[in-house]
């Protein structure tokens with residue numbers, strides 16, 4: 001008996017990398033998994049359901065239940081159809097892991113409109129659209145008098161939490177996803193839905209050659225940056241045992257930590273009157289001095 005026994009879970013972008021690890025771990029923990037993937041390359045080009053089918057085959061090989069889905073998660077109708085496929089196949093939906101995405105890296109001063117729009121679309125809308133159709137199902141269940149215990153896991157990134165030079169489009173999307181997680185958790189608790197996010201530190205197609213290389217892994221040693229190290233956290237966040245909502249967790253190797261977002265810093269005041277322009281610099285530096293500094297942007 002696994003911690004996700006008999007739950008029905010959708011994992012987007014599950015053909016490779018983190019999504020593949022999540023899908024396999026969820027299946028090992030007893031979940032029935034809808035494996036979504038377009039099979040695109042690292043930059044979003046081309047497409048094939050071959051990687052998703054291979055993950056399904058791997059799950060079935062150890063006795064798990066899984067089906068393929070090839071929806072574009074940022075397409076409104078296709079995202080809705082994906083939600084309905086899981087429900088039609090197994091009779092319900094218990095969890096959604098939003099993971100799909102790709103990169104179009106470039107310095108902001110050189111980035112073009114398509115590079116910005118495509119990355120914002122696949123990451124940010126690709127998180128909202130499936131979740132929006134999932135919550136419509138869960139809300140209807142509650143209105144019909146049925147108890148709902150559902151979970152959503154979003155995928156942010158250290159780039160979205162701290163910034164990353166040369167990845168402004170990706171960082172902006174991932175920052176928005178971290179806040180979307182807080183928003184969803186606040187609005188959807190009433191429907192029995194807990195929402196959390198992960199910010200993985202792992203070696204995948206999206207980080208290979210940028211931060212990590214497979215050549216760094218020595219045979220027979222613990223692979224600290226394997227995406228398999230993040231999957232157990234995702235499985236627990238999807239499980240009914242998860243008792244938190246609205247938080248983002250960084251995860252790598254055998255460790256995790258909660259990562260808090262924007263918080264109010266120290267207040268600097270001139271008292272009960274309007275501040276003058278000439279006083280602003282003093283107040284700004286006073287507040288900064290008494291507040292914990294932000295993390296350094298990656299690559300700065």
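At-a-glance table
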quantity: Residues that are part of a loop (DSSP other than H, G, I, E, B) and over 39 Å from the mean Cα position of the chain (by Cα), drawn from region 261-286; calculated: 270, 271, 272, 273, 274, 275, 276
quantity: Checklist (1) in contact (Cβ under 8 Å) with a residue 24 or more places away in the chain; (2) out of contact with any helix residue (DSSP H, G or I) (no Cβ under 6 Å at 6 or more places or on another chain) applied to residue 246, failing item; calculated: (2)
quantity: Residue list for region 108-135, restricted to those being over 20 Å from the mean Cα position of the chain (by Cα) and loosely packed, with under 15 Cβ neighbours inside 10 Å; calculated: 108, 109, 110, 112, 113, 114
quantity: Qualifying residue in region 141-152 (condition: under 25 Å from residue 261 (Cβ atoms) and either outside the structural domain of residue 75 (by TED's automatic domain parsing) or out of contact with any strand residue (DSSP E or B) (no Cβ under 7 Å at 6 or more places or on another chain) (or both)); calculated: no
quantity: Count - residues of region 243-260 that are assigned to a loop (DSSP other than H, G, I, E, B), surrounded by 14 or more Cβ atoms within 10 Å (Cβ to Cβ) and either in contact with a strand residue (DSSP E or B) (Cβ under 7 Å, 6 or more places away or on another chain) or at pLDDT 95 or above (or both); calculated: 4
quantity: Identity of the residue in region 147-166, within 24 Å of residue 6 (Cα to Cα) and in contact with a helix residue (DSSP H, G or I) (Cβ under 9 Å, 6 or more places away or on another chain), that ends up surrounded by the fewest Cβ atoms within 10 Å (Cβ to Cβ); calculated: 147
quantity: Scope region 15-26; condition within 16 Å of residue 233 (Cβ to Cβ) and at pLDDT 95 or above; matching residues; calculated: 18, 19, 20, 21, 22, 23, 24, 25, 26
quantity: Flag if residue 2 is modelled with pLDDT of 95 or more and crowded, with 23+ Cβ neighbours inside 10 Å; calculated: no
quantity: Qualifying residue in region 167-182 (condition: modelled with pLDDT of 95 or more, loosely packed, with under 12 Cβ neighbours inside 10 Å, assigned by TED's automatic domain parsing to the domain that holds residue 121 and over 14 Å from the mean Cα position of the chain (by Cα)); calculated: no
quantity: Residue 272 exposed (fewer than 12 other Cβ atoms within 10 Å of the Cβ) and assigned by TED's automatic domain parsing to the domain that holds residue 170; calculated: no
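The values are calculated or read from the model by the stated rules, or taken from the named source; none is laboratory data. Please read these numbers as outputs of a predicted model, since none were measured by experiment. Using ideal geometry, Cβ is built from the backbone for each residue, glycine included, and neighbour counts are taken over all protein chains shown.
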